[in-house]
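The values are calculated or read from the model by the stated rules, or taken from the named source; none is laboratory data. Model, not experiment: these values are computed from the prediction. Using ideal geometry, Cβ is built from the backbone for each residue, glycine included, and neighbour counts are taken over all protein chains shown. With ligands, DNA and RNA removed, areas are computed over all heavy atoms of the protein, side chains included. Shrake-Rupley method; radii C 1.70, N 1.55, O 1.52, S 1.80 Å.
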Amino acid sequence: MNEPWEIEDFLEIRENQLHIDGVNAVELGATHGTPLFVYSEKRIRHNIERLRKSASVIDCPLKLCYAAKAMSTMGILRAVKDADCDIEVNSGGELWKVLKAGFRGEQIIFNGTSKEEWEIELAIENSIYAIQVDSIFELSLIEKTANRLEKKANVSLRLVPDIKTGTHSGLQTALLTSKFGMMPEEAFKACRTYKESANVRIDGIHLHIGSQNPEPGAYEAALQMLFDSMRRIYDETGIELKHVNLGGGFPVNYLRDASLGSEMPHEQRQMFSADFEPSKAIGDAWATVTAIASDSDAKHLLDDMTLLLEPGRSIIADAGLCLTSVRNKKTRPVEDEAISNRNSRIENDTWLLTDAGFNILLSMETYKWYYHLISAKRADAEHKTAYKIAGPLCDGGDVYFDHEGSGRLPDHRLLPENVEPGEVLALLNCGAYALAQASQYNGRFLPPVILIKDNGKAELIRRRESFEDLIGSDL
Ligand SMILES: Cc1ncc(COP(=O)(O)O)c(C=O)c1O
């Protein structure tokens, strides 16, 4: 392995070019066109197995539910199912998709802050493992719906633990100021009220502290909070919960090359380069909670429970990348004072305009998300020439740097010298929250997706959109 981004048997340089599971990326780009998303089934399995190691550091069963919102193309859902992983959804639409992909009700958990009655009905009709309840109001709606259907809904209460992590403000989900979940007091009250309900069964509690959380300690605080709530629910109502859900949010290392990103604000850099082992974080959290449980004669509560995790990014982000071609090139004097001060050596910028914009990589604009960029065609060449890079959209924010001037992304990207239009580049670690958030903005076709199967075959799992797709829903 020569480059920090290389991953043995997955992302490698062979014959000077980028290969994914042994398949030549440049040839894939030539066959299917760019932009093109490419995923590795082997890497998805590897990531799921890595998370499953948490089962060996706890004394109760582990239920791993892939957060479908990170990427839910049907071929990816099937790959997740084939890896024996369960699933988390966030809408009736996602629920419908995962049922269609073959997930059974007992494999599905359902989050969401604004569930509608038809979505709740779909969940109840399919006897899903847990509807994760966002508020007391929602719980009453679930009971009413289950009563109408003459069924009993399995529910879990989503708590707001007031835990801040070092992630981006838009990815914080566990603060009192964030929009998710209910206060613990409300959950205790709900347990008292619904204990004897014929139509809802409160089986669990849930929280999710955010996405790309760089500190393992946050999981310890979160599990402790869940255990305290579990104990109080037992003490006050006698309900012994069957499951506790610690959410997702395990980080991916987007900045594997430690020499890069020096201009980023410290917290941003910490967040992008976070690389902790989930099973270590879970093991530490479990040890703390077990000690507390033993000291307080409440160990029996842990004996019969299942621990749920709902990771998305840590399963799919580094399993996918986006191939993009340079479509245009120009030179421009550096005029921005802040930028020229930071890079005093650069007088003229060479701009490369690609075919991958924020319509398919939304976080790059909204959260200034860093996706490492390399030349797929000349992957082994020295990447030392600085370019300003931008996408194809008619929008000044469609750039690969921080146009707000705060340095949250590098002003320039390093690629081989003399990059010309037609060269295929690769944006790495784009598997999560990219295509899942894509739009047809500017009349751009949503790109195709390739899944390189376990057997090494590159399979098209989503076709490139056509003119007709641009108007398919218009009347
Ligand atoms: C409730 C919930 N669970 C799970 C996830 C998955 O998080 P991640 O993809 O960071 O693992 C999210 C995403 O933020 C979420 O909101």
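Conditions (1) within 16 Å of the ligand (Cβ to nearest atom); (2) touching a strand residue (DSSP E or B) at 6+ places or on another chain (Cβ under 6 Å); (3) under 15 Å from residue 452 (Cβ atoms), marked per residue:
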{"position": "9", "(1), (2), (3)": "no, no, yes"}
{"position": "14", "(1), (2), (3)": "no, no, yes"}
{"position": "27", "(1), (2), (3)": "no, no, yes"}
{"position": "34", "(1), (2), (3)": "no, yes, no"}
{"position": "70", "(1), (2), (3)": "yes, no, no"}
{"position": "89", "(1), (2), (3)": "yes, yes, no"}
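Which members of region 19-75 meet the condition of being of a type in the set (S, T, N, Q) and free of Cβ contacts under 8 Å to residues at least 12 places away in the same chain?
First, the residues of region 19-75 that are of a type in the set (S, T, N, Q): 24, 31, 34, 40, 47, 54, 56, 72-73.
Within region 19-75, 24, 31 qualify.
Has region 370-379 got at least one residue that is in contact (Cβ under 8 Å) with a residue 12 or more places away in the chain, open to solvent by 40 Å² or more (accessible area, probe 1.4 Å) and at negative phi?
yes
List the number of the failed condition for residue 420; all other conditions in (1) at pLDDT 95 or above; (2) open to solvent by 30 Å² or more (accessible area, probe 1.4 Å); (3) farther than 17 Å from residue 355 by Cα hold.
Unmet for residue 420, out of (1) at pLDDT 95 or above; (2) open to solvent by 30 Å² or more (accessible area, probe 1.4 Å); (3) farther than 17 Å from residue 355 by Cα: (3).
Residues of region 380-410 being open to solvent by less than 10 Å² (accessible area, probe 1.4 Å), in a loop (DSSP other than H, G, I, E, B) and aromatic (Phe, Trp, Tyr), which ones?
Passing the criteria: only 400.
From the set of residues in region 251-292 that are among the hydroxyl-bearing types (Ser, Thr, Tyr) and within 23 Å of the chain's Cα centre (by Cα), which is most open to solvent (accessible area, probe 1.4 Å)? Give the derivation first.
Step one: filter region 251-292 for residues among the hydroxyl-bearing types (Ser, Thr, Tyr), giving 254, 259, 262, 273, 279, 288, 290.
Now drop any that are not within 23 Å of the chain's Cα centre (by Cα), which leaves 254, 273, 279.
Working: 254: 4, 273: 43, 279: 17 Å².
This residue is 273.
State the number of residues belonging to region 65-87 that are within 19 Å of residue 279 (Cβ to Cβ), open to solvent by less than 10 Å² (accessible area, probe 1.4 Å) and in a strand (DSSP E or B).
Residues meeting the conditions: 3.
Just give me the residues in region 54-64 being open to solvent by 20 Å² or more (accessible area, probe 1.4 Å) and away from the ligand (no atom under 16 Å from the Cβ), in sequence order.
Of all residues in region 54-64, those open to solvent by 20 Å² or more (accessible area, probe 1.4 Å) come to 55-57, 59, 61-63.
Correct list: 55, 56, 57, 59, 61.
In region 106-152, what residues are among the small types (Gly, Ala, Ser), more than 23 Å from residue 192 (Cβ to Cβ) and surrounded by 16 or more Cβ atoms within 10 Å (Cβ to Cβ)? If you could, list the steps in order and put the result at the bottom.
Narrowing region 106-152 to residues among the small types (Gly, Ala, Ser): 112, 114, 123, 127, 130, 135, 140, 146.
Checking the rest, the ones that are also more than 23 Å from residue 192 (Cβ to Cβ) come to 112, 114, 123, 127.
The answer is 112, 123.
Results for (1) modelled with pLDDT of 95 or more; (2) in a helix (DSSP H, G or I); (3) under 30 Å from residue 372 (Cα atoms), shown as yes or no for each residue.
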| site | (1), (2), (3) |
| --- | --- |
| 219 | yes, yes, yes |
| 228 | yes, yes, no |
| 251 | yes, no, yes |
| 254 | yes, no, yes |
| 294 | no, yes, no |
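Residue pairs, Cβ under 6 Å, 6 or more apart or interchain, first in region 421-446 and farther than 20 Å from residue 387 by Cβ, second hydroxyl-bearing (Ser, Thr, Tyr) and outside any loop (DSSP other than H, G, I, E, B). List them.
433/363
Kindly indicate the residue of region 174-208 that is of a type in the set (Asp, Glu) and surrounded by fewer than 18 Cβ atoms within 10 Å (Cβ to Cβ) and also nearest to the ligand (Cβ to nearest atom) among those meeting that condition. Spell out the reasoning first.
Step one: of region 174-208, the residues of a type in the set (Asp, Glu) are 185-186, 196, 203.
Checking which are surrounded by fewer than 18 Cβ atoms within 10 Å (Cβ to Cβ) leaves us with 185-186, 196.
Working: 185: 21, 186: 18, 196: 29 Å.
Top of the filtered list is 186.
Can you name the residue in region 427-457 that is assigned to a strand (DSSP E or B) and touching a His at 6+ places or on another chain (Cβ under 9 Å) and, of all such residues, is surrounded by the fewest Cβ atoms within 10 Å (Cβ to Cβ)? Write out each step before concluding.
First pass over region 427-457, keeping only residues assigned to a strand (DSSP E or B): 427, 449-452.
Within this subset, residues satisfying the condition of being touching a His at 6+ places or on another chain (Cβ under 9 Å) are 427, 450.
On the way: 427: 27, 450: 24.
The residue in question is 450.
Being among the small types (Gly, Ala, Ser) and under 19 Å from residue 252 (Cα atoms) is true for just one of 127, 91, 54. Which residue is that?
Working: 127 fails: under 19 Å from residue 252 (Cα atoms); 91 fails: under 19 Å from residue 252 (Cα atoms).
After applying the criteria, what remains is 54.
Could you please tell me which pairs satisfy a Cβ distance under 6 Å, a separation of 6+ or placement on different chains, a first residue in region 102-115 that is farther than 16 Å from residue 173 by Cβ and of a type in the set (Lys, Arg), and a second residue that is in a loop (DSSP other than H, G, I, E, B) and within 10 Å of the ligand (Cβ to nearest atom)?
No pair meets every condition.
Would you check which residues across region 293-316 are of a type in the set (Asp, Glu) and either touching a strand residue (DSSP E or B) at 6+ places or on another chain (Cβ under 8 Å) or surrounded by 23 or more Cβ atoms within 10 Å (Cβ to Cβ) (or both) and list them? Even if it seems obvious, please write down each step before you answer.
Our first condition is that a residue be of a type in the set (Asp, Glu); within region 293-316, this holds for 295, 297, 303-304, 310.
Result: 310, single match.
Can you list the strands (runs of 3 or more DSSP E) found entirely within region 100-188 that contain at least 1 residues being over 27 Å from residue 79 (Cα atoms)? Talk me through it step by step, then tell me what you get.
Working: elements: 108-110, 130-133, 153-158.
Those strands (runs of 3 or more DSSP E) span 130-133, 153-158.
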